[in-house]
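This report refers to the structure that appears directly beneath it.
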Amino acid sequence: NCAGTCDFDQLNISSVTNAISINGQGDSTFSNSTISSSGRIVDLSGTGSALFSHTSLTSSGSGISVSSADLDIENSELDMALSNGPALVLLGGEHTLDGLYINKTYSQSDTSSLAIDVDYATISGSMLFTSGFATGMEILSSSIEIDSIVLFDGEQAGINLIHSQLNSNYLRTRVQDNGAVLDDSELTVGLWEENLHSVPLLLHEHSSAII
């Protein structure tokens, strides 16, 4: 547990099953660190917050899970190797993504992997990038406002929006069957560069898109 402020700089964790577990009301910061695990790489819960800045995360397991707490990420990468993820799960809370790069080895036979799963949360930030996942983002009952979103190389969808709103100045999607799928949702994008989709934009009932 972290009570108050807990700062970790140049931390190196490897050869573990679960790397970091934080539960409490405090604020934790991880800077300039290298963290790898074969299971859960970060488990964050409680009413506190965690910041990862200029940190390299590698997991062959289930990535980052956040429940109720707040997560901030700055210029950091998460490598999921061949794992189906989800790489990042956000349940509740308010989060900031200012440079998060999530990668997985692409496979044409992969139709189930998921980079980011968001439920009942609010996300803001400047930059989000995912590559190699069947679906880039699955968003339920949440609000997303990120300046630049890039979702590359998957077999299903770049974005699935369900009862949600997403605003972005720049969106780029590539290769997925559907670039964006909206169900009772709103999508607002300044510039959308979409490539190699069967259906770039799929609108279900009570949905709208401004591009």
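Nothing in this text is a laboratory measurement; each read-out follows from the coordinates by a stated rule. Because the structure is predicted, anything quoted here is derived from the model rather than measured. Heads up, the Cβs are rebuilt from the backbone with ideal geometry, glycines too, and the neighbour counts pull from every protein chain shown.
Numerical summary
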| item | result |
| --- | --- |
| Calculated log₁₀ intensity ratio I(q)/I(0) where the Debye formula runs over C-alpha points of the chain, q = 0.14 Å⁻¹ | -0.77 |
| Highest-MSF residue in the chain out of GLU138, GLU193, GLU94 [GNM, Cα springs under 10 Å] | GLU193 |
| Cα-Cα P(r), the stretch 17-133, percent of pairs per 10 Å interval | 15, 50, 31, 4, 0 |
| Debye, to nearest 20: dipole size of the stretch 31-157, +1 on Lys, Arg Cβ, -1 on Asp, Glu Cβ | 320 debye |
| Sequence ranges 46-52, 20-26, 84-90, ranked by mean other-Cβ count within 10 angstrom, highest first | 84-90, 46-52, 20-26 |
| Cα-Cα separations in the stretch 168-211 greater than 13 Å, expressed as whole percent | 52 percent |
| Value in Å of the Kirkwood radius, where the stretch 133-211 supplies the Cα pairs that are averaged | 11.9 Å |
| Per-selection Rg to Rh, the stretch 95-184 - Cα, Kirkwood hydrodynamic radius | 0.94 |
| ASN1-SER109 pseudo-label distance in nm [points 7 Å out on the Cα-to-Cβ vector] | 4.7 nm |
